[in-house]
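Presented below is the structure to which this report refers.
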Amino acid sequence: MKVQNNSYLSIEQLKDQYLSQGKSTIPAQAAGGKSFQEILENSKAKPSGEVRFSKHAAGRLADRNIELTENQMERLKEGTERAGAKGIRESLVIVDQLAFIVNIPNSTVVTAMNRQDAAENVFTNIDGAVII
């Protein structure tokens, strides 16, 4: 290998420099001192059993004048947890006279309706149902 006497490195020198560094890399740390892997795993964790409402579902609740009581919210949460335990991904959860389509992995209500709006009793794009 011929070493040049100027300030530029040869391709061989660069290759040796970068290939030797690649063998002893340390995992990158975020500003908070956590690795990317730790941040990714924490972001996958479900929020503490809370059920969220999509913008569409919140609009449906408002349009249809549906107000949920604390008891109904608890039962909706329980239905979501039961569906998740059975491996359901998109579930119909019925609480009293209300029907909710819930995306189970995200714990998000996709749409909501009352008995009058569900007059046809046909629900599509679900793979399970929970009646609470």
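Every number in this text was worked out from the coordinates using simple rules, so none of it is lab data. Given the structure is predicted, the values throughout are model-derived calculations rather than measurements. No Cβ is skipped: glycine too gets one built from the backbone with ideal geometry, and neighbour counts run over all protein chains shown.
Applied to the stretch 71-82, the Karplus parametrisation 6.51 cos²θ - 1.76 cosθ + 1.60 on θ = phi - 60° returns per-residue 3J(HN,Hα) values of 4, 5, 4, 4, 6, 4, 4, 4, x, 5, 5, 4 Hz, with x for Gly and Pro. Amide H contacts for residue 130 (H built 1.01 Å from N in the peptide plane; partners 5 or more residues away or on another chain; cut-off under 5 Å): 92, 93, 94.
If R0 is 30 Å, the Cβ-Cβ spacing of residue 117 and residue 89 corresponds to a FRET efficiency of close to 0.80. For the pair residue 69/residue 13, report the inter-label distance in nm, with labels modelled 7 Å from Cα in the Cβ direction. Distance between the two pseudo-spin positions: 8.0 nm. Summing Lys and Arg as +1 and Asp and Glu as -1 over all other residues whose Cβ lies under 12 Å from the Cβ of residue 111 gives a net charge of 0.
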